[in-house]
Amino acid sequence: MDRRRFLVGLLGLGLARGQGLRVEEVVGGLEVPWALAFLPDGGMLIAERPGRIRLFREGRLSTYAELSVYHRGESGLLGLALHPRFPQEPYVYAYRTVAEGGLRNQVVRLRHLGERGVLDRVVLDGIPARPHGLHSGGRIAFGPDGMLYVTTGEVYERELAQDLASLGGKILRLTPEGEPAPGNPFLGRRGARPEVYSLGHRNPQGLAWHPKTGELFSSEHGPSGEQGYGHDEVNLIVPGGNYGWPRVVGRGNDPRYRDPLYFWPQGFPPGNLAFFRGDLYVAGLRGQALLRLVLEGERGRWRVLRVETALSGFGRLREVQVGPDGALYVTTSNRDGRGQVRPGDDRVLRLL
């Protein structure tokens, strides 16, 4: 990989800094990179929201796949994940917005053919999408249990988040084949989608599992005018948990709903989140920083001890993920129509 170190002032990024971390550019010149997936041969797949999956291997960037997508607002090609038994099961999963046959979001999988991937089949269809392209959710990841977790937004139709008959405003849990996962909390409940794992979400953007306890954490966007502003969240996700949207904004102290582990009253719209060296790192879009949340406690009883800025100066940040080399990988999102484009954007950064 091309690991050119970023130092303060390099490329005109006078505010760039990594709090105790060495920051290097892996690859630049990308268009709205939304998610990363690391191949066991050292290659890296990069989902670009306009519909391309790029392959970066040994310093060379190529196009791995091009998918038809509805690219508007926050929609397009979003999440990316490898089958947990990859490469024995040679499948790459992606979350996309499509217009053909009716506008909706779906999870698809591609068959990995080395230098390229070809569309294999749709894994889950019918996730709500709307022409404005907002609140599509889109993060996908396989958990320690081998199941596929999917975050979905409520497409600015708030009541979908509380409607168990809808896939919108939820975290879903599926088998690798796209069936409702065994043990899902609403399996067999009349009128409920059996894929639902948790509900009451506005626009969840991240998934991460605690490296010791296996607990699921998620990042989520709070309101941007429809019920005030701010109150972006980090949540500890439990099976069947109702996280309150739109009944509750931020911490409601209502026993019917689960309060966030942490929230930003003035707003910090998050991208993904990841555990790294024992702390929880959250990428910030409008906040334009990578934050370190230092947790203390034990299973089911966590609190945020302090919050620190780990990285700033690169603009909007979306993806954050630990690579197979033990480093933390972060993507910028300055070409998404909401940021200030810098020379070389968008880029993948490596922090160590």
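The values are calculated or read from the model by the stated rules, or taken from the named source; none is laboratory data. Every value quoted in this text rests on a predicted model; they were computed, and no experiment measured them. Please note: Cβ atoms are built from the backbone with ideal geometry, for glycine as well, and neighbour counts cover all protein chains shown. Side chains are part of the model used for accessible areas, which takes the heavy atoms of the whole protein and leaves out ligands, DNA and RNA. Shrake-Rupley method; radii C 1.70, N 1.55, O 1.52, S 1.80 Å.
Can you confirm whether Tyr197 is over 16 Å from the mean Cα position of the chain (by Cα) and farther than 20 Å from Gly73 by Cα? Yes, satisfied.
A quick yes/no check of all residues on (1) in contact with a Lys or Arg (Cβ under 6 Å, 6 or more places away or on another chain); (2) in a strand (DSSP E or B):
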site: Gly271; (1), (2): yes, yes
site: Leu280; (1), (2): no, yes
site: Arg286; (1), (2): no, no
site: Thr309; (1), (2): no, yes
site: Val320; (1), (2): no, yes
site: Asp325; (1), (2): no, no
site: Asp336; (1), (2): no, no
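Matching residues to (1) in contact with a helix residue (DSSP H, G or I) (Cβ under 6 Å, 6 or more places away or on another chain); (2) of a type in the set (A, V, I, L, M, F, W, C); (3) within 19 Å of Ser219 (Cα to Cα):
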position	(1), (2), (3)
Arg303	no, no, yes
Phe314	no, yes, no
Pro324	no, no, no
Thr331	no, no, yes
Leu352	no, yes, no
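Taken over region 255-303, the residue count meeting the criterion of being open to solvent by 50 Å² or more (accessible area, probe 1.4 Å) and polar (S, T, N, Q) is 2.
Scanning region 224-253 for residues that are at pLDDT 95 or above and acidic (Asp, Glu) yields Asp232, Glu233.
Return yes or no: is Val23 at pLDDT 50 or above, surrounded by 13 or more Cβ atoms within 10 Å (Cβ to Cβ) and more than 27 Å from Arg116 (Cα to Cα)? So Val23 fits the description; yes. The set of residues in region 243-254 being open to solvent by less than 50 Å² (accessible area, probe 1.4 Å) and either touching a helix residue (DSSP H, G or I) at 6+ places or on another chain (Cβ under 9 Å) or among the acidic types (Asp, Glu) (or both) consists of Tyr243, Gly244, Trp245, Pro246, Asp254. In region 46-53 there is no residue that is farther than 15 Å from Arg139 by Cα, among the acidic types (Asp, Glu) and modelled with pLDDT of 95 or more. Of the set (1) assigned to a strand (DSSP E or B); (2) of a type outside the set (Ser, Thr, Tyr); (3) in contact (Cβ under 8 Å) with a residue 60 or more places away in the chain, all apply to Arg303 but (3). Restricted to region 195-209, and to residues there that are in a strand (DSSP E or B) and among the small types (Gly, Ala, Ser), the residue that is nearest to Gly138 (Cα to Cα) is Gly206. Of all residues in region 174-196, those being touching a residue at least 12 places away in the same chain (Cβ under 8 Å), open to solvent by 30 Å² or more (accessible area, probe 1.4 Å) and either of a type in the set (A, V, I, L, M) or under 16 Å from Ile237 (Cα atoms) (or both) number 2.
If a residue has to be of a type in the set (S, T, N, Q) and over 14 Å from the mean Cα position of the chain (by Cα) to count, how many in region 128-172 make the cut?
Within region 128-172, the subset of a type in the set (S, T, N, Q) is 136, 151-152, 162, 166.
Okay, now just the ones that are also over 14 Å from the mean Cα position of the chain (by Cα), so 162, 166.
Qualifying residue count for the region: 2.
When residues in region 208-242 are screened for being hydroxyl-bearing (Ser, Thr, Tyr) and open to solvent by less than 10 Å² (accessible area, probe 1.4 Å), 2 of them pass.
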